[in-house]
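The values are calculated or read from the model by the stated rules, or taken from the named source; none is laboratory data. All values reported here derive from a predicted model rather than from experimental measurement. Here the Cβ is made from the backbone with ideal geometry for all residues, glycine too, and neighbour counts use every protein chain on show.
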Amino acid sequence: MSLVAVVDDDREVREYLEAVLRRAGYDVALAANGLRLVSALQVDRPDLILLDVNMSWIDGFELCRALKKNPEWAKIPVVFVSGRSAPADIQAGMACGAVDFFCKPIDGRALVERVRELVRTAS
């Protein structure tokens, strides 16, 4: 079974994404910020990371850049899930290495379809 990491400082968003992904058959690892994700990556390598932009400690753009610089994690697809929806934000997300960008509120069905596609092509 594929593992998806959800990194968002909003507990309600984490729980919503967890429920949507579990219903679709995915294992889910939750992290409230980038520091917790980095700790989790030492134990379990997810098949995909859903990442918020606005978080404490390090923002999603910086975290994505850091992940892409690390040879162990560079190939893990990153999808932004953010309340920031300006074209410049989407462009910044893609420029730092993400493969897609979903704006909140999230369409769970569309997100699951994209996760399936990305996990299938990454494996």
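Things to note:
- Check on Leu17, touching a Leu at 6+ places or on another chain (Cβ under 8 Å), part of a helix (DSSP H, G or I) and modelled with pLDDT under 95: no
- Which numbered condition Val43 fails, given (1) more than 21 Å from Arg109 (Cβ to Cβ); (2) modelled with pLDDT of 95 or more; (3) over 14 Å from the mean Cα position of the chain (by Cα): (2)
- When Ala110 is tested against (1) of a type outside the set (D, E, K, R); (2) crowded, with 17+ Cβ neighbours inside 10 Å; (3) part of a helix (DSSP H, G or I), only condition (2) is not met.
- The numbered conditions (1) farther than 20 Å from Arg109 by Cβ; (2) modelled with pLDDT under 95; (3) not acidic (Asp, Glu) are all true for Leu3 except (2).
- Among the residues of region 51-78, those identified as modelled with pLDDT under 95 and among the polar types (S, T, N, Q) are Asn54, Ser56.
- Residue list for region 53-97, filter: more than 19 Å from Arg36 (Cα to Cα), in contact (Cβ under 8 Å) with a residue 40 or more places away in the chain and surrounded by 18 or more Cβ atoms within 10 Å (Cβ to Cβ): Gly93
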